1. Got the relative contact order for the chain handy, in percent, Cα pairs under 8 Å and 6 or more residues apart?
2. Could you work out how far apart the two model spin labels at VAL164 and ILE98 are, taking each label as a point 7 Å from the Cα in the direction of the beta carbon, and quote it in nm?
3. Please compute the length gained on full extension between GLN134 and LYS82, using 0.36 nm multiplied by the number of residues separating them and subtracting their Cα-Cα distance.
4. How much length is gained on full extension from THR44 to ALA211, taking 0.36 nm per residue of separation minus their Cα-Cα distance?
5. What share of the DSSP beta bridges in the chain is antiparallel, in percent to the nearest 5?
6. Once you've got the GNM for the chain with C-alpha springs shorter than 10 Å, pick whichever of ASP96, ASP81, ASP147 has the biggest mean-square fluctuation.
7. Give me the percent of Cα-Cα pairs in the stretch 103-193 that sit more than 20 Å apart, rounded to a whole number.
8. Loop only by DSSP, 12 or fewer other Cβ within 10 Å of the Cβ. Give me the trypsin sites (Lys or Arg not before Pro) in the stretch 78-143 that pass, ordered by residue number.
Amino acid sequence: MNDLNALITYLKQNFKPHPWHGIPLQAETKPYFNVFIEIVPTDTVKYELDKLSGYLSIDRPQKFSNIVPSLYGFMPRTYCDKKVAAFASEKTGLKDLIGDGDPLDICVLTERPITHGDLLLQAKPIGGLRMIDQGEVDDKIIAVLKDDPIYGHLNDIEECPPKVLARIKHYFLTYKDIPDEGERLIKITGVYNHKEAQHVIDLASQDYQLAFPRSF
């Protein structure tokens, strides 16, 4: 065990941790969580974590005028699988839902311009969007940046300015739309509060532990 602890210490001190597997979910102080940001509102390219290497990769150029209205990334050591999907089924009444097989997505509100992704921050969840993408559960947690002078005091989604929330919903309902190519396949079935967001995070953490039991 001492040798294993020494190895872990050596790796932490000498190698960059994987943003998904190597960063703890819970920040040092509650109610904040660690968040890895992939894209920011000024990006015209959608970046996404390469799960194997831990580096950001180009997923696709943004084809249309949709621009992500907040900082956007994921919560480390979370995974949307059976437990997250079962909870969404319970809440929506929809059957045969599955998790999307990705870390739990999160939007972080801040009034400060942050010009690039590939960074870590601490954020406080205030709620979330229950999103279904072609039968896959793809929830979006809504959070506020720690110590943000405008949004940092918010504790629940009810306190979020309605137009800000509407902008986030509009983005996710339209960001995959292609003109003249049929019915929209993404649905937001509900908006939930801080308490439910915490439950979704807990379920995604449990799904992660089941999928990656030997991660440290």
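1. Worked out over the chain, it gives 22 percent.
2. With each label point 7 Å from Cα toward Cβ, the separation is 3.6 nm.
3. Numbers: separation 52, 0.36 × 52 = 18.72 nm, distance 1.61 nm.
Residue separation times 0.36 nm, minus the Cα-Cα distance, leaves 17.1 nm.
4. On the way: separation 167, 0.36 × 167 = 60.12 nm, distance 3.29 nm.
Roughly 56.8 nm would be gained on extension.
5. 80 percent
6. ASP96
7. 40 percent
8. Sites meeting the loop and neighbour criteria: LYS95.
Since every read-out is calculated from the coordinates, none of them should be taken as a lab result. The shown structure was predicted, so the numbers you read here are calculated from the model rather than taken from an experiment. Cβ: placed from backbone, ideal geometry, glycine included. Neighbour counts: every protein chain shown.
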